[in-house]
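Step one of this worksheet: look at the structure below.
The values are calculated or read from the model by the stated rules, or taken from the named source; none is laboratory data. Note that this is a predicted model, so its numbers are computed, not measured. Methodologically, a virtual Cβ is constructed for each residue, glycine included, from the backbone with ideal geometry; neighbour enumeration extends over all protein chains shown. Surface accessibility is based on the protein's heavy atoms, side chains included, excluding ligands, DNA and RNA. Shrake-Rupley method; radii C 1.70, N 1.55, O 1.52, S 1.80 Å.
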Amino acid sequence: MSQKILLTSKEVNIILHRLACQLIEKHLDFSDTILVGIQPRGTFLAERLKELLLKEYKVQDVALGYLDITFFRDDFRRTEKPLEANKTQINFLVENKKVIFIDDVLYTGRSIRSALTAIQSFGRPSEIELLVLIDRRFSRHLPIQPDYRGRQVDSINNEKVKVCWKEQEGEDVVYLVTN
């Protein structure tokens, strides 16, 4: 198994700032916008973006929730090992709000399809956008594309993208791992 660095800590930081600026361009004051981190890995990216929006760019109020999609996945009953659910934390209605799903890697699109189903339990958003740190564009099973992307990666099926966050792994870095 070998791994190659796709993004260094500095590059991740630059991308986070760019993504935050793109969100501000489109959503201005965030009064009708909600960030939703897809559990488990999208929550780190969502928290970092919220922190940047509040502290660096002085956006007043940014709503953030976390959505667990475990039981909405189409492969839910197709695995031998028991699935571990994460906690959904959405303490607000999404009715007529602009929802931005946030995840670390967009691969097949199946997680986002699951999130589209899961979010309906909290109301009917006026629109839904997708923000990802890494877009693996040649791997889609479904016609899902990000509205905001940090980096586009062309990888083949035996390669995996591994995103490390300083909050969990001690550093911000993205690897391309080959088996």
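Results, tabulated for the structure shown:
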quantity: Strands (runs of 3 or more DSSP E) enclosed by the stretch 1-70 - at least 3 residues per element that are surrounded by 14 or more Cβ atoms within 10 Å (Cβ to Cβ) and in contact with a Gly (Cβ under 9 Å, 6 or more places away or on another chain); calculated: 33-38, 63-67
quantity: Counted residues, the stretch 153-174 - those being open to solvent by 30 Å² or more (accessible area, probe 1.4 Å) and assigned to a loop (DSSP other than H, G, I, E, B); calculated: 6
quantity: Matching residues in the stretch 119-136 - criterion: being buried (at least 16 other Cβ atoms within 10 Å of the Cβ) and either in contact with a strand residue (DSSP E or B) (Cβ under 6 Å, 6 or more places away or on another chain) or among the acidic types (D, E) (or both); calculated: P125, I128, E129, L130, L131, V132, L133, I134, D135, R136
quantity: Residue list for the stretch 90-115, restricted to those being open to solvent by 60 Å² or more (accessible area, probe 1.4 Å) and in contact with a helix residue (DSSP H, G or I) (Cβ under 9 Å, 6 or more places away or on another chain); calculated: L93, E95, K98, Y107, R113
quantity: Verdict on G170 being without any contact (Cβ under 8 Å) to a residue 12 or more places away in the chain and either among the hydroxyl-bearing types (S, T, Y) or at positive phi (or both); calculated: yes
quantity: Residue check, E51 at pLDDT 95 or above, of a type in the set (D, E) and closer than 27 Å to R18 by Cβ; calculated: yes
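Okay, residues lined up against (1) part of a strand (DSSP E or B); (2) of a type in the set (K, R); (3) open to solvent by less than 10 Å² (accessible area, probe 1.4 Å):
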| site | (1), (2), (3) |
| --- | --- |
| T117 | no, no, no |
| F138 | no, no, no |
| H141 | no, no, no |
| R151 | yes, yes, no |
| L176 | yes, no, no |
